[in-house]
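Heads up, the thing below is written out as structure tokens.
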Amino acid sequence: MKRPDVIVVGAGAGGPVVAKELAERQVKVLVLEAGPWLDPDVDFTRLEDDMGSIVDGRLRWGPTDRSRSPWMRRRDGVGLILQAAGVGGTTLHYNGISPRAYPSAIDADWPMSYEELIPYYERVEAFLPVRQVEEGDLATKDALFGMGCEKIGLSHSESKDVTTSVWRRCHNAILPVAKMSSGRPLRYPDVDGCTMSGHCLVGCRNPVGAPLERKAKRATNVTYVPAAVATGECEIVPNAFATALIHEPSGEGKARVRGVRWRDTESGETHEAEAAVVVLAGGSIESPRLYLNSDLPNEADAVGRYLTTHAQDLVTGFFDREVHPDVGQVSMARADFPGFGTLFTQGYGPQSFSVVLAGGGGGFWDEDPGDEPWDFAGRWWGPEAVTWIEQYHRSLSILVCTDDEEHPDNRVTLAGDWPVDEHGPVPRVAYRPTPRSKDRQDWLARKGAEILRAAGARRIHRANFPRALLTHLMGTMRMGRDPGGSVVGPTGEAHLVDGLYVGDSSILPNGLGGPNPTLTVQALATRTADQILAHLS
Amino acid sequence: MPEPASIEAVRAAVEAIVPATGDRPGGADLQVHLHVVDALDLFLPGFVDLAATLLDAYAVDVRQGASFTELTIEERSRVLRAMCLEDNADMRDVVDGLLVFTYGGMYSEWSGYEPETGALQPPRAWDALGFHGPSDGHPDYREPE
């Protein structure tokens, strides 16, 4: 590409949104992606370890060559970080859940109102599209969840805008359930839509034979990326790990961005490109890392702070009936509790299930849970663990997403005490829930257990992770009016770097109250693209 | 490459985490320890030897003079439990690594998958779990009550 107008660093949830919105308006966009560009029909084996292993899975955070080690982060208080490198980024293995934020969370901390966000939500919801799971289409696990919610007195809602405690069928970026019948081939165009195969988390390629635009799960690799490329104005470069932002002084302690330097992760060659605008979209760890590795102004030491994670946990119920958590969209029903967070069904394969049930929690199964509503918690091994893991087909897990209180000490910095890697000083990721976040997490776990019990679970387990599970990473380049407590202003442009915008989840000023962040990231990225267009003109 | 003795220590840990039950093979019978070793070694070269050193160090607290591989299954379980209780990030990574990759190898496709050819022989464990494996879809997605 001849000199681009805009360089986007990262092709995950947000970067391709900015790219598509700008390219459609004749802006030349270069998108750099650290990971590979996988072909769902060829590369998505639908196998849990082959796709999802954090060490050498196709959807890991690491180089395309899987015989090489994954890229390292120094973790502090953090157990597992689930991020995927590659075109599509973490949307390759997200659940497709696309709720809006709680209005109360936006109106409390953001430099804009919830009402102002709605038109951007609507643009994303129409494009992907986002659809509420239809009545009658719930899989068994989700129908059980809904029944439990009804029994504890939660009212049902169809609304996207949640202000009180309710349960809902999910609003998912997944095509509606296909019309299927046993014995007929499950192949496009005989089936068109979601085939309930349960592969959202490991990379979905269904329906088999469908072109990208009819793949059921609407990750950005099958939506925003092809739309951006189709304009003829956007080039995507995979295996391109950005190592520095090129900049120059612009007076009064500020800088002006001029371009990006990157390293080809396969050849090792270094490249540079210049542009008037650069958009950081590498996620809440790599965006601050790149900023910090570029020696850009950071007078208030705001870069990297206020990492929020939703302080996730899981509770699992065991039933006297078949549930089959591998069947259906992995999450089709949810319960919302503004002020505390959210709960949703979590389907998965047996590898993830066994790790959640026995491999990663806090405490041990044989410890007395006291007055808590679960029967056992934490981890275990040996013959008893095997017996319970084999109850997989009769289990239902609920994921806890906490309204995570933001704190400045939860942050991404450079790990000065670790060796650098081929892309410079590596990030240190520090996170511990505040006491208030922990209280909310416990409240939600108890509520989840109450729902499971009401739905008929005879035994309940809580994972109770002792170290944070990071799947929803937010903040670190947060938006705000005050340069002392934020990195970018209300337009999405950095306070101290002209022409540098943020288009990923790091821009979020808080944890949205608990709802899954992808839709809000994409709505904000749509808005940021509008702001960039104004900047360029 | 990890030391052979370190690989043996991992095998002994896998044997304690997922033992054979009835006529079902345990993790070590399915060579799951090789999956654990490969994963830990790729995650951080040297990690397997570190894990083995720690397993041996804690084994002494359970039975004086014994290495981890010399312990009974029950004694190995006590070692794992003691290590879990340490409030130390590296120790937690070791224990988490042993548990997570053992369960991962046991219950994923690993024991029946040939990456070079893409051939899959569904692991026996999937039958017991009622797991369907890779699927084009589930027309009958609601279980009868």
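No lab work stands behind these numbers, since they all come straight from the coordinates. Just so it is clear, the model here is predicted, and its values are computed rather than measured. Reconstructed Cβ throughout: ideal geometry from the backbone, glycine too, with neighbour counts over all protein chains shown.
Expressed in nm to one decimal, what extension gain is obtained for the pair B:His132 and B:Ala5 from 0.36 nm per residue of sequence separation less their Cα-Cα distance?
Taking B:His132 through B:Ala5 to full extension adds about 42.0 nm, to one decimal.
Please find the FRET efficiency linking A:Arg25 to A:Ser182, where r is the Cβ-Cβ separation and R0 is fixed at 60 Å, and quote it to the nearest 0.05.
0.80
Where Lys and Arg each count +1 and Asp and Glu each count -1, what net charge lies around A:Gly489 among other residues with Cβ under 12 Å from its Cβ?
Residues close to A:Gly489 contribute a combined charge of -1.
Classify the range A:71-140: rounded, prolate or oblate, from the alpha-carbon gyration tensor (a ≥ b ≥ c, eigenvalue square roots; a/c under 1.5 rounded; otherwise prolate if a/b is larger than b/c)?
Cα axes put the range A:71-140 in the oblate bin.
About its Cα centre, what dipole magnitude does the range A:402-446 give when the only charges are +1 on Lys and Arg Cβ and -1 on Asp and Glu Cβ, stated in debye to the nearest 20?
I would put it at about 200 debye.
To test your reading of the geometry: what angle, between 0 and 90 degrees and rounded to tens, separates the Cα axis of helix A:283-293 from the longest principal axis of chain A?
For A:283-293 against chain A, the angle is about 30 degrees.
What stretch of chain A, leaving out the sites themselves, is the longest with no GluC sites (Glu not before Pro) in a DSSP loop having at most 12 other Cβ atoms within 10 Å?
That would be A:1-133.
Going by Cα centres, the range A:293-308 and the range A:170-185 are how many Å apart?
The two parts, judged by their Cα centres, are 45 Å apart.
Return the subset of A:Lys20/A:Lys179; A:Lys160/A:Lys215; A:Lys215/A:Lys447; A:Lys160/A:Lys217; A:Lys217/A:Lys438 for which the Cα-Cα distance in this structure is over 28 Å, preserving the input order.
Distance filter (> 28 Å) returns A:Lys20/A:Lys179; A:Lys215/A:Lys447; A:Lys217/A:Lys438.
Take the alpha-carbon centre of the range B:41-99, take the same for the range A:371-393, and report the distance between them in whole Å.
Centre-to-centre (Cα) distance: 22 Å.
Given the DSSP H assignment, sum -39500 (n - 2.57) over each helix run of at least 4 residues in the protein assembly as shown and divide by its residue total; what's the result at 222 nm in deg cm²/dmol, nearest 500?
Working: 18 runs with 200 residues, N = 682.
Helices in the protein assembly as shown give a 222 nm mean residue ellipticity of -9000 deg cm²/dmol.
With the cut-off at 1.5 for a/c, could you classify the range A:319-377 from its C-alpha gyration tensor as rounded, prolate or oblate?
oblate
Looking at the protein assembly as shown, what % of its DSSP beta bridges pair antiparallel, to the nearest 5?
Restricted to the protein assembly as shown, the bridges split so that about 65 percent are antiparallel.
Which net charge results for the neighbourhood of A:Ala173, defined as the other residues with beta-carbon distances under 12 angstrom from its beta-carbon, given Lys and Arg at +1 and Asp and Glu at -1?
Net charge in that neighbourhood comes out at +3.
What FRET efficiency would be calculated for the residue pair A:Glu116, B:Gln64, taking the C-beta separation as r and a Förster radius of 60 Å, to the nearest 0.05?
On the way: r = 69 Å, r/R0 = 1.15.
Efficiency computed from Cβ-Cβ geometry: 0.30.
Would you mind computing, in nm to one decimal, how far apart the modelled labels at A:Glu269 and A:Arg68 are, each placed 7 Å from Cα along Cα→Cβ?
The modelled label-to-label distance comes out at 1.5 nm.
So what does log10 I(q)/I(0) come out to for the range A:138-201 at q = 0.13 Å⁻¹, using the Debye formula with one equal point on every Cα and no solvent?
Normalising to I(0) and taking log10 leaves -0.50.
Based on the Kirkwood radius over alpha-carbon pairs, what is the Stokes-Einstein translational diffusion coefficient of the range A:1-120 at 37 °C with 0.692 mPa s viscosity, in µm²/s?
Numbers: Rh = 16.9 Å.
Answer, rounded: 195 µm²/s.
Could you give me D for chain A, from Stokes-Einstein at 37 °C and 0.692 mPa s, where the hydrodynamic radius is the Kirkwood radius over C-alpha pairs? Units µm² s⁻¹, please.
Numbers: Rh = 23.2 Å.
It diffuses with D of about 142 µm²/s by this estimate.
When Lys and Arg each count +1 and Asp and Glu each count -1, what net charge do the other residues less than 12 Å away from A:Phe241, Cβ to Cβ, add up to?
Numbers: positive: A:Arg261, A:Arg263, A:Arg289; negative: A:Glu33, A:Asp264, A:Glu266, A:Glu269, A:Glu286, A:Asp421, A:Glu422.
Neighbour charge sum, excluding A:Phe241 itself: -4.
Would you order A:Met180, A:Met479 from fewest to most other beta-carbon atoms within 10 Å of each residue's own beta-carbon? All intermediate terms of the calculation are to be shown ahead of the outcome.
Working: A:Met180 22, A:Met479 25.
Ranked by crowding around the Cβ, least crowded first: A:Met180, A:Met479.
Quickly work out the B:Thr117-to-B:Asp87 label distance, labels modelled 7 Å from Cα along the C-beta direction, and quote it in nm with one decimal.
Reported label-point gap for B:Asp87 and B:Thr117 is 5.3 nm.
Provide the FRET efficiency to the nearest 0.05 for the A:Arg432-B:Asp23 pair, computing r from the beta carbons and using R0 = 41 Å.
Using R0 = 41 Å, I get an efficiency of 0.35.
Which ³J(HN,Hα) values in Hz, rounded to whole numbers, follow from the phi angles of the range A:33-49 under the Karplus curve 6.51 cos²θ - 1.76 cosθ + 1.60, where θ = phi - 60° and Gly and Pro get x?
10, 5, x, x, 10, 7, 9, x, 5, 9, 9, 8, 7, 6, 9, 5, 7
Report Rg(Cα)/(2.2 N^0.38 Å) for the range A:274-385, keeping two decimals.
1.57
Classify the range A:159-241 as rounded, prolate or oblate from the Cα gyration tensor: take a ≥ b ≥ c as the square roots of its eigenvalues, call it rounded if a/c is under 1.5, otherwise prolate when a/b beats b/c and oblate if not.
Oblate, because a/c is 1.5 or more while a/b does not exceed b/c.
Considering Cα pairs under 8 angstrom that are at least six residues apart, work out the relative contact order of chain B and quote it in whole percent.
23
Can you tell me what share of the DSSP beta bridges in the range A:315-469 is antiparallel? A percent to the nearest 5 is fine. Present the calculation step by step, with values, prior to reporting the outcome.
On the way: 22 of 25 bridges.
In the range A:315-469, DSSP labels about 90 percent of beta bridges as antiparallel.
Just to check, using Stokes-Einstein with a Kirkwood Rh over alpha carbon pairs, what's the diffusion coefficient of the range A:233-314 at 25 °C and 0.890 mPa s in µm²/s?
Translational D for this selection: 168 µm²/s.
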